[in-house]
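Below: one structure, written as structure tokens.
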Amino acid sequence: MIKRTWVATLLAVAAAGLAVAPAEATVQSGSGTIGDPWVPTHAAHITCATATLFGNYTPGQGHSDPIATLVQGNYIGVRYITSDHNSADVFWHGTSKWGFLLRDCFALN
């Protein structure tokens, strides 16, 4: 009985530790590559006729360093939406590149 209680407590502590530590965002280089490919994304697709994938985004200054142009229907993975809700950090499945995309040009699946 004591052993079973000890194992249950150990598992609960381990699970709590995993839930508390969120992954930190990796800084982009502007080239479309990123150092941590194991970040989960949410499935989405491009809704604008065309949308530019940018290497960098700064709130208040906007997007910079264009990487590629995506077309309506392209599938992407969305890692996070920026704090000002104008852009999102996305993964373009077509070329395996990471970048920033205007928030109004995609919809979550």
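Observations
- Local charge for Pro59 was computed over the other residues whose Cβ lies under 15 Å away, with Lys and Arg +1 and Asp and Glu -1, and equals -1.
- The stretch 62-109: C-alpha gyration tensor shape, a/c 1.5 cut-off, then a/b vs b/c: oblate
- Less than 5 angstrom separates the built amide H of Asn56 from those of Ser64, Phe100, all sequence-distant by 5 or more or on a different chain.
- Across the stretch 89-105, coupling constants 3J(HN,Hα) worked out from phi with the 6.51/-1.76/1.60 Karplus curve, θ = phi - 60°, read 8, 10, 10, 8, 5, x, 10, 6, 10, 9, x, 10, 9, 4, 4, 6, 9 Hz, and Gly and Pro carry x.
- Estimated FRET transfer efficiency (His93, Asp65; beta-carbon r; R0 30 Å; 0.05): 0.90
Since every read-out is calculated from the coordinates, none of them should be taken as a lab result. Everything quoted here is computed from the prediction, not taken from an experiment. All Cβ positions, even for glycine, are placed from backbone atoms using ideal geometry, and neighbour counts span all protein chains on display.
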